[in-house]
């Protein structure tokens, strides 16, 4: 169909046949989710950029191992996330950057009253504060699954754990987060 | 997918409110590095036998060889990546067919050789961020060319053109006696590459402590890989003997109908 974006699997199939233009399109399509996933793991934009870039390069080298017809996104995110974790390990230190709310965010995309917007923004800021304060394990699974909106399979690939473990870890993390939210009036 | 709890719904909304760092454009750097890595790393100095290691390798290969000099890193590297790349300027790839170069188009040498716009030494020096090196053995260049992206390297590329000098005739391939091209090697978008046939030889050399590569023999093809990682075949040109050195972050390419000693003398006089 004219103008319809090519299916990701078709792109991967072309890339596997050595089509570099197809791989470049893959990089363009996935660079945001790859970069953000790496950022959630490294907490550093510089390290995330390096990890995503190296991940794409390694993925290209490993295209022969990609199973035709499989979902490409989890496969790619796994490689990028591995790179990100390697960087965290080799750096031997943790960045302390925390996620922040974007300025000027308008809940729901409409134009709420200034009061409503302020309240919504305050709620979000408080919730983000709780997420930032979670343990690394809880923060990673919640951020990947909800804030990045990765699927269960993608979250498993990004965290390097089985999908079943994602479910149980997510359930425990949500329970801990809920307990903190409910312990603070108005949160 | 099961229905989201209120908390899960709030978290999903939160993800759209987060101030994520701007996503960098990774594709150009990725594709350029992939292009450079279609190749086998050149053995380190220690791994190279004193006698012509390349002769056996290439004789057995019976194929043309691409030397992709990834001297100019294709993306803004981080501190880690810079360290990794500092000693990784040369790669080799065997290819089944040697690309046939396009004939030189007519016109001024700058246009014919894709050197960029006509400039002068003071103007070019003012336009780039590194001190342009001039070989004192050749003196002031007869012409100076300057170019920036999309055709030149990210921080600019300066070429000094020298007409015939005593002992250095003008090349029928380039129309000049010596071309000296300089570009910064740390944050550029271009790679230099050369396609070497079996009659072309490669040697590692050292110039005032800087590593270099002497490429000599049959005229060879010069390929500039663009910022998207694609070889610029349209600007292929025949090059003559070439010395390429890394002058502490500035990549200098000296080419002409030169003997190796002449090229090394020119390189040693860069200041």
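Kindly indicate which of A:73, A:87 is away from every other protein chain (no Cβ under 11 Å), surrounded by fewer than 22 Cβ atoms within 10 Å (Cβ to Cβ) and within 24 Å of residue B:18 (Cα to Cα).
On the way: A:87 fails: away from every other protein chain (no Cβ under 11 Å).
The match here is A:73.
Report yes if residue A:78 is touching a helix residue (DSSP H, G or I) at 6+ places or on another chain (Cβ under 9 Å) and at the interface with chain B (Cβ under 10 Å from one of its Cβ atoms), otherwise no. It is false that residue A:78 is touching a helix residue (DSSP H, G or I) at 6+ places or on another chain (Cβ under 9 Å) and at the interface with chain B (Cβ under 10 Å from one of its Cβ atoms).
Residue-by-condition table, conditions (1) free of Cβ contacts under 8 Å to residues at least 60 places away in the same chain; (2) out of contact with any strand residue (DSSP E or B) (no Cβ under 8 Å at 6 or more places or on another chain); (3) part of a helix (DSSP H, G or I); (4) surrounded by 20 or more Cβ atoms within 10 Å (Cβ to Cβ):
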position: A:14; (1), (2), (3), (4): yes, yes, yes, no
position: A:22; (1), (2), (3), (4): yes, yes, yes, no
position: A:31; (1), (2), (3), (4): yes, yes, yes, yes
position: A:36; (1), (2), (3), (4): no, yes, yes, yes
position: A:40; (1), (2), (3), (4): no, yes, yes, yes
position: A:50; (1), (2), (3), (4): yes, yes, yes, yes
position: A:55; (1), (2), (3), (4): yes, yes, yes, yes
position: A:58; (1), (2), (3), (4): yes, yes, yes, no
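Tell me whether region A:158-181 contains one or more residues that are in contact with a strand residue (DSSP E or B) (Cβ under 9 Å, 6 or more places away or on another chain) and closer than 15 Å to residue A:127 by Cβ. No, because not a single residue in region A:158-181 is in contact with a strand residue (DSSP E or B) (Cβ under 9 Å, 6 or more places away or on another chain) and closer than 15 Å to residue A:127 by Cβ.
Considered as a group, the residues in region A:149-177 that are surrounded by fewer than 21 Cβ atoms within 10 Å (Cβ to Cβ) and touching a residue at least 60 places away in the same chain (Cβ under 8 Å) include one that is nearest to the other protein chains (Cβ to nearest Cβ), and that residue is A:151.
Among the candidates B:239, B:208, B:218, B:263, which residue alone is under 24 Å from residue B:132 (Cα atoms) and at pLDDT below 70? Write out each step before concluding.
Working: B:208 fails: at pLDDT below 70; B:218 fails: under 24 Å from residue B:132 (Cα atoms); B:263 fails: at pLDDT below 70.
B:239 is the lone residue from the list that is under 24 Å from residue B:132 (Cα atoms) and at pLDDT below 70.
The values are calculated or read from the model by the stated rules, or taken from the named source; none is laboratory data. Nothing here was measured: the structure is a model prediction, and the numbers come from that model. For neighbour counting, all protein chains shown are included, and Cβ atoms are generated from backbone atoms with ideal geometry for every residue, glycine included.
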